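The structure under discussion appears below in the form of structure tokens.
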Amino acid sequence: MSYPSSAKRTPEGAATQTAPQPETSTSAIRIPVRQRMPPGPEGLPFVGNLLQFQRDPLGFMRGLQRSYGDSATVHIGKRTMVAFFRPDDVHYFMTASSGSFAAAVGRDNMRVFLGDGLLTTDGDIHRQQRRLVQPAFHKKRVEGYGAIMTRHTEELLATWRPGQQVNIAHALQELTLRIVVEGLFGVNLQTESADLSRAFTAVIEDGNSFIGSLFTVDLPFTPYHKALEASKLLDTFVYRLIAERRADTRDTGDVLSMLLASHDEDGASMTDVQARDQAMTLIAAGHETTSNALTWTFYLLDQYPDVRRRLVAELASVLGGRTPRVDDLPNLPYLDWVITESMRMYPPAWIVGRTALVPFERQGYEFPAGTRVMMSQWVMHHLPDIWGDPEVFRPDRWDPARGEKVPQGAYYPFGMGTRMCIGMPFAQLEARLVLATILQRFTPQRLPDWPVRTLPRVTLRMRGGLPVTLAATSDGSRA
């Protein structure tokens, strides 16, 4: 295989703006009447529907579905996009015909910060990279990370006391960052986790805001500049890891060793920049998804005390207050349903995009190559005709004995098909072990006057985090 070039990244940590990628334009294509786009909202000159989208991305996408049905055309600045809102369309774009579509929405901007990793590449390069990293996420390997996950969680709990107030979103982000760095790279973060966590927050919230992605000008005091500065800190950390691993010729068996030992078909080994891009992608994706999922889960458990009590009772019955192990999870079905339902209501990734490489037909329309497609997990996971009561946190809907059928393409928090998140087994295991460990000891209670608001960026964050008061969990605590 041949590795992608990342000439815009330097080992010194300098992050420069990537030259804009040429847009695939259909303005010069003569489109017959039968190729007309689906209807959609009128936009303003030059900016189209950008302001409506930026003001409330989640509400805008849900409003499109309610107003226009199965599909709608929108204009975000110069970009014309078609949003699809049915499960069979999701399955078509992401699985059945995935080879005819490339990743799209937000990818160019992510490349500035993540380089050419799994999230930002396509085609043969993406398949080659995925094969290279896949061994780190085989079932037995992932299960071996379980002890690291619970050990770091226990270390966090040792610093907590009943009655203490913490921002649990921030605590979980630091926790999952420590877990992924040790699990995948064999490094135990000690004093750096808080600074690195804040840097990732700046990159995700400032560098990937929709306005920030359009106005990528490196000027002081701009969100984009703040994100670039944070990216330099992250680069310094990752390049230091690479230098240390190259100096130690032993194969430690972790992901970084695998990356540095790999060769392409010409015998060339991976450069520091290429290794950096893969490592940065895995660290970013590996902790962001789980920390968001757990934050929203604790919020929902606070809103639904009956669900929380039932979950605590299951944990007490199976674990008796001890630290959970991987082999305990098959005996904790309600824990699994709680996490699954939480990720339905608040999917960590809330929108996904594709660009058509060839013409295609859907819903009676014929679309040319270059058409940009959007699909929203947020909308799909809340469709009343599929879920019945989508705004209700009801873990029992995932009980197989109830026989509730979910259409293929209706639930996809980790994506689908060949681009399904490679770290899904890691994230699922981590979420369950961390939640079970914390909830046996503490019940986080949301501060009553704290406004809980969504912050849709690349992932679905909670704006400002989630301040809570820690209460002792009496019926699930240790003897």
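The values are calculated or read from the model by the stated rules, or taken from the named source; none is laboratory data. Computed from a predicted model, the values in this text were never measured in an experiment. FYI the Cβ positions are ideal-geometry reconstructions off the backbone, even for glycines, and counts take in every protein chain you see. Surface areas here come from the heavy atoms of the whole protein model, side chains and all, with no ligands, DNA or RNA. Shrake-Rupley method; radii C 1.70, N 1.55, O 1.52, S 1.80 Å.
In terms of accessible area, using a 1.4 Å probe and ignoring ligands and nucleic acids, LYS140, LYS78 rank largest first as LYS78, LYS140.
Put ASP89, ASP56, ASP396 in order of accessible area, highest first, and with a 1.4 Å probe you get ASP56, ASP396, ASP89. Over region 399-464, the Kirkwood radius and the radius of gyration, each from Cα atoms, give a ratio Rg/Rh of 1.04. Within region 380-439, the trypsin sites (Lys or Arg not before Pro) that combine a DSSP coil assignment with at most 10 other C-beta atoms in a 10 angstrom radius are LYS405. Ligands, DNA and RNA left out, the 1.4 Å accessible surface of region 343-407 is 55% carbon and sulfur atoms. Using heavy atoms of the protein chains and a probe of 1.4 Å, the accessible area assigned to VAL312 is about 10 Å². Note that region 373-463 presents 38 Å² accessible area per residue, ligands and nucleic acids not counted, probe 1.4 Å.
Other residues with beta-carbon under 12 Å from the beta-carbon of HIS381 carry, at +1 per Lys or Arg and -1 per Asp or Glu, a net charge of +1.
If you take the square roots of the eigenvalues of the alpha-carbon gyration tensor of region 234-365 and sort them as a ≥ b ≥ c, do you get rounded (a/c under 1.5), prolate (a/b over b/c) or oblate? Since a/c reaches 1.5 but b/c is at least a/b, the shape of region 234-365 is classed as oblate.
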